[in-house]
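Participant: One structure, as structure tokens, below. Some questions next.
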Amino acid sequence: MATPAVRYDPLDAEILRDPYPVLAELRMRVPVFWHAGMDSWVLTRYADCVRVLRDHAAFARDPRRTGGTVPEPSLSVQTLDPPQQSPVRSLFMSALRAQDLGAIEHRARLLVGGRLDHLAGAGPFDVVAEVAVPLSVAVVADLLGVEPPPYAEYAAVSDAIMRSMDGGLDPALVEPGRVARRQLSDLVDSFAVSDRPGLLARVRQATAPGSDASARLYVRNSARVMFQGGYSTMAAAVGNAVHTLLTRPGALERMRDPALLATGVDELVRFDGPVQGTTRTAVHACRLGGVDITPRQKIVPLFAAANRDPAAFARPDELVLDRTPNRHLGYGWGPHSCIGTTVAQAGLRALVTAVNDHPAQLAAAGEGVRRRTATMRAFDTLPALLLP
């Protein structure tokens, strides 16, 4: 079955500003369509996206299962499919559960409070550079148990990696991303573990020099992916969340309620999440949304579209701070979801709490500039100020 011609450019300025009206039209008119630029089938309905993310046998994350290759630096917990993925992911999840997330959230709240003290009364500032980047680097470094790298230096490396995720749309982004991944791997190898035991120390202990070489490779690369993915996802989520709260009067104040804080940070991610989609490859012929998919064709579940699907979420275009349940796809789904989801949520709670606790009032100071990236929805700059 041929799908109608569709024009969807995720890098178009208007779509970067607000993709949701276009995604709603696509979801209603042509929920599964072929995108030549991505060389993929694109899914816009929640049910279709979840089906693909759940069915590892039919839809591969690992390109090697369908005849593709993976460069050695890219072999990580996010590359593998179950059941091969399970030992590596279990190692990281066990190490994550052993961390004191309450203490990490407390330290993050103190950091944001200190940043706000520094910025109060100093005029307009950039939320991304002054809050999102320091908070995200600090929280991920705290989780891993390492000293945080210089903010600006790390942000530049992460930015190159983030942009390379759109290599299908712009091949010129691929090589800078490869170089940045090598730089980040070297950085992870050089990390000096702090006195406070962290996740990295635990996984290193579990993969001592005598262990299998391939296991050590996957753990090394997975640590890099966790640092990069945790940082970039949180930094994007912070910018999106602050923008949402600044443009919806009363929402921030309402989140002083601990119950609304708990559900509200989840809703902020559903409403305008950082990760826009992911890619799978069809292992065998199948049918999705009335469309025939052939083996080895790529499929892109669009999380941004699925998270506003009225078939899955009542009042999908409204920010409903007490929404529950809220099974959104803002951090992915299942074994390939972001390992640091709980830490990212802790970082967002720390941000909201610190802003509400500060005597100055956070206010917008102009229009933000969206980053020209398709896979990750983020701000390049977001001006704000603190009013007495």
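Participant: Give the span of the stretch 68-175's Cα atoms along each principal axis, as three whole-Å numbers ordered largest to smallest.
Facilitator: Over the stretch 68-175, Cα extents along the principal axes are 55, 40, 19 Å.
Participant: What is the magnitude of the charge dipole of the chain about its Cα centre, with +1 placed on the Cβ of each Lys and Arg, -1 on the Cβ of each Asp and Glu, and no other charges, expressed in debye to the nearest 20?
Facilitator: Details: 42 positive and 40 negative charges, 217 e Å.
Here the chain has a charge dipole of around 1040 debye.
Participant: Could you give me the ³J(HN,Hα) list for the stretch 369-381, computed from phi with Karplus coefficients 6.51, -1.76, 1.60 and θ = phi - 60°, whole Hz, x at Gly and Pro?
Facilitator: Calculated HN-Hα couplings, in order: 10, 6, 6, 7, 9, 9, 6, 10, 8, 8, 9, 7, 9 Hz.
Participant: Give me, ordered by chain and number, the residues 5 or more places off ASP380 or on other chains with an amide H under 5 Å from its own placed amide H.
Facilitator: VAL369, ARG370, ARG371
Participant: Quick one: among GLY167, GLY114, GLY123, which has the greatest mean-square fluctuation in a GNM of the chain with alpha-carbon springs under 10 angstrom?
Facilitator: The residue with the greatest mean-square fluctuation here is GLY123.
Participant: OK, next. Taking 0.36 nm per intervening residue step and subtracting the Cα-Cα distance, what contour gain separates VAL179 from ARG7 on full extension? List each step's numbers first, then the result.
Facilitator: On the way: separation 172, 0.36 × 172 = 61.92 nm, distance 3.25 nm.
This chain segment gains 58.7 nm when fully extended.
Participant: Counting helices only, and only those DSSP H runs with n ≥ 4, report the 222 nm mean residue ellipticity of the chain as the sum of -39,500 (n - 2.57) divided by its residues, in deg cm²/dmol to the nearest 500. Present the calculation step by step, with values, prior to reporting the outcome.
Facilitator: Details: 14 runs with 179 residues, N = 388.
When only DSSP H runs of four or more count, the value is -14500 deg cm²/dmol.
Participant: Considering amide H positions built from the backbone, and no H for Pro or chain starts, which residues 5 or more places from ASP62, or on another chain, come under 5 Å of its amide H?
Facilitator: ASP81
Participant: Let me ask you something else. Once all Cα-Cα distances of the chain are split into 10 Å bins that start at 0, what whole-number percent is in each one?
Facilitator: 5, 23, 33, 26, 11, 2, 0
Participant: Also: Quick one: putting +1 on the C-beta of Lys and Arg, -1 on the C-beta of Asp and Glu, what dipole do you get for the stretch 50-163 around its Cα centre, in Debye to the nearest 20?
Facilitator: Details: 11 positive and 13 negative charges, 118 e Å.
Once rounded to the nearest 20, the dipole reads 560 debye.
Participant: Among GLY277, GLY347, ALA13, whose Cα projects farthest towards the positive end of the dipole of the chain, with charges put on the beta-carbon of Lys, Arg (+1) and Asp, Glu (-1)?
Facilitator: Value computed over the given set: GLY277.
Participant: I need the semi-axes of the equivalent ellipsoid of the stretch 116-265: take the C-alpha gyration tensor, multiply each eigenvalue by 5, square-root it, list largest first in whole angstrom. It would help to have the intermediate numbers written out before the result.
Facilitator: Working: eigenvalues 198, 85, 46 Å².
Its equivalent ellipsoid spans semi-axes of 31, 21, 15 Å.
Participant: With the Cα gyration tensor of the stretch 15-142 giving a ≥ b ≥ c as the square roots of its eigenvalues, does the rule (a/c under 1.5 for rounded; else a/b larger than b/c for prolate; else oblate) give rounded, prolate or oblate? Write down the numbers at each step before the final one.
Facilitator: Details: a/c = 2.54, a/b = 1.36, b/c = 1.86.
Since a/c reaches 1.5 but b/c is at least a/b, the shape of the stretch 15-142 is classed as oblate.
Participant: Within a Cβ distance under 9 Å of VAL70, other residues only, what is the Lys/Arg minus Asp/Glu net charge?
Facilitator: Taking every other residue near VAL70 into account, the sum is -1.
Participant: Tell me whether the stretch 209-322 comes out rounded, prolate or oblate; compute the Cα gyration tensor, take square roots of the eigenvalues as a ≥ b ≥ c, and use a/c under 1.5 as the rounded threshold.
Facilitator: On the way: a/c = 3.06, a/b = 1.31, b/c = 2.34.
Oblate.
Participant: Continuing with the same structure: Charges on Cβ only, +1 for Lys and Arg, -1 for Asp and Glu, centred on the Cα centroid of the stretch 92-230; of ALA223, SER164, ALA206, which one is farthest towards the dipole's positive end?
Facilitator: Comparing the listed Cα positions along the dipole, ALA206 ranks first.
Participant: Continuing with this model, one more query. Taking the Cα centre of the stretch 13-387 as the origin and placing charges on Cβ (Lys, Arg +1; Asp, Glu -1), which of LEU111, ALA58, PRO249 is farthest toward the positive end of the dipole?
Facilitator: So the residue furthest toward the plus end is ALA58.
Each reported figure results from applying straightforward, stated rules to the coordinates on display, with no laboratory input. Because the structure is predicted, anything quoted here is derived from the model rather than measured. No Cβ is skipped: glycine too gets one built from the backbone with ideal geometry, and neighbour counts run over all protein chains shown.
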